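> This structure is in structure tokens; I'll ask about it shortly.
No value in this document is a laboratory result; all are computed from the given coordinates. In this text the structure is predicted, and so the values were computed from the model without any measurement. Note: ideal-geometry Cβ built from the backbone for every residue, glycine included; neighbour counts use all protein chains shown.
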Amino acid sequence: IKRVTTNTLQEMKNRGEKIAMLTAYDYSMAKIVDDAGIDVILVGDSASNVMAGHETTLPITLDQMIYHASSVVRGASRSLVVVDLPFGSYQGNSKEALNSAIRIMKEAGAHAVKIEGGIEIAESVSRILTAGIPVMGHLGLTPQSIYKFGTYTVRAKEEAEAQKLKEDALKLQELGCFGIVIEKIPAALAKEVTESLQIPTIGIGAGQDCSGQVLVIHDMLGINKGFRPRFLRQYASLYDVMNGAIKNYVSDVKARDFPNEKEQY
Ligand code: KIV
Ligand code: NA
């Protein structure tokens, strides 16, 4: 099978084929996602929430991201694997950003990294790119800045923030990013940004005019039962499926039904 590359994504954008991206954090899930024909697997720092149970993405470490990423890489034979640089591993110091990105590429075998922010992280983006590491941007609702925002609500509804987002997107493209995730912004702004760029945009809660879409796998599979924001389409109710299966197992064990004659040696 031919591996999806950053060039493949650019070609898809050029011919108007939408890019489908999902998160994964472990080998088994990555294999399911890859076999289903996803273009890009994101090892998101949302692992901090859905895998580790933290309230925000801030606590996850670079070592933990590398562990998740290396597991995903072993399960992905076709998809492009993009890995988030976690909070504290790139801000302010471009040398540290480069070192973090190199560790992700080298120790996990990832294919690209993703970083939150615009003009303020330009130096880090450039420096990572000089090492030949593809960089994806992330603008709009950037969850590592949740304590600055104070809320997970829609970003860039005001003109000033919308203007900055447009400038940041152009700057990231000019620096050499191969794509930009735009999270939770008005659909009209996402359309405008997408049309202003040559590189693809990947939306989450950013409407239908982005070059592609991304969702957190636990959310779209309904593993994360209570999480139902407007932008989320839930494709399965795996919480209920798994909960039901486990209840059946518990009752079979208690009832001495499992294991039966055929299920033993
Ligand atoms: O960490 C993550 O899952 C993400 C996506 C929501 C874009 O950054
Ligand atoms: Na993320």
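> For Thr61 and Asp257 in one chain, what is 0.36 nm times their gap in residues minus the Cα-Cα distance, to one decimal in nm? Could the numbers behind the result be given before it?
Working: separation 196, 0.36 × 196 = 70.56 nm, distance 4.40 nm.
The span from Thr61 to Asp257 would gain 66.2 nm if fully extended.
> Next question, about the same structure. Under a straight-distance cross-link criterion of Cα-Cα below 21 Å, which lysines are reachable from Lys164, leaving out those fewer than 8 residues away in the same chain?
Partners within reach: Lys114, Lys148, Lys184, Lys191.
> A further question follows. Mind telling me which of Asn93, Asn243, Asn49 comes out most flexible in a GNM of the chain, alpha-carbon contacts under 10 Å?
Of the options given, Asn243 has the highest mean-square fluctuation.
> With +1 assigned to the C-beta of every Lys and Arg and -1 to the C-beta of every Asp and Glu, and no other charges, what is the dipole magnitude of the chain about the Cα centre in debye, to the nearest 20? Before the final figure, lay out the partial values.
Values: 29 positive and 31 negative charges, 63 e Å.
Roughly 300 debye for the chain.
> Further question: Could you name the aspartates and glutamates whose alpha carbon sits less than 14 Å from that of Lys13, not counting residues in the same chain fewer than 8 places away?
Asp39, Glu195, Asp209
> Once you've got the GNM for the chain with C-alpha springs shorter than 10 Å, pick whichever of Ala122, Ala36, Ala206 has the biggest mean-square fluctuation.
Ala36
> Pop the C-beta distance of Lys171 and Tyr249 into the FRET formula with R0 = 51 Å and round what comes out to the nearest 0.05.
Details: r = 53 Å, r/R0 = 1.04.
Computed FRET efficiency for Lys171 and Tyr249: 0.45.
> Turning to a different aspect of this structure: Cα atoms only, the stretch 179-263: Rg and Dmax in Å?
In order Rg, Dmax, the Cα atoms of the stretch 179-263 give 20.7, 67 Å.
> Arrange the peptides 193-200, 94-101, 17-24 so that the one whose residues have, on average, the most other Cβ atoms within 10 Å appears first. Can you show the working numbers first?
Values: 193-200: 17.6, 94-101: 19.5, 17-24: 21.9.
Per-residue mean Cβ counts within 10 Å order the peptides as 17-24, 94-101, 193-200.
> Compare Thr201, Thr57, Thr130 in a GNM of the chain, Cα atoms joined below 10 Å, and give the one with the largest fluctuation.
Thr130
> Also, I was wondering about something else. Provide the gained length on full extension for the span Lys225 to Lys148, in nm with one decimal, where the gain is 0.36 nm per separating residue minus the Cα-Cα distance. Walk me through the intermediate numbers first.
Working: separation 77, 0.36 × 77 = 27.72 nm, distance 2.74 nm.
Net length gain for the segment: 25.0 nm.
> Taking N as the number of residues in the stretch 1-133, what is its Cα Rg relative to 2.2 N^0.38 Å? Mind showing how you got there, number by number?
Details: Rg = 14.5 Å, N = 133, 2.2 N^0.38 = 14.1 Å.
Compared with the compact-globule rule of thumb, the stretch 1-133 sits at 1.03.
> Moving on to the next point. With an 8 Å cut-off on Cα pairs and a minimum separation of 6 or more residues, tell me the relative contact order of the chain in percent. Walk me through the numbers before you get to the answer.
Numbers: 503 pairs, mean separation 40.2, N = 265.
It comes to 15 percent, rounded to a whole number.
> Grab the beta carbon distance between Gln10 and Glu159, set R0 = 35 Å, and tell me the FRET efficiency rounded to 0.05.
Details: r = 31 Å, r/R0 = 0.87.
So, using R0 = 35 Å, E works out to roughly 0.70.
> Let me ask something else about it. Taking the alpha-carbon distance from Lys247 and a cut-off under 18 Å, which aspartates and glutamates remain once sequence neighbours fewer than 8 residues away in the same chain are dropped?
The qualifying aspartates and glutamates are Asp257.
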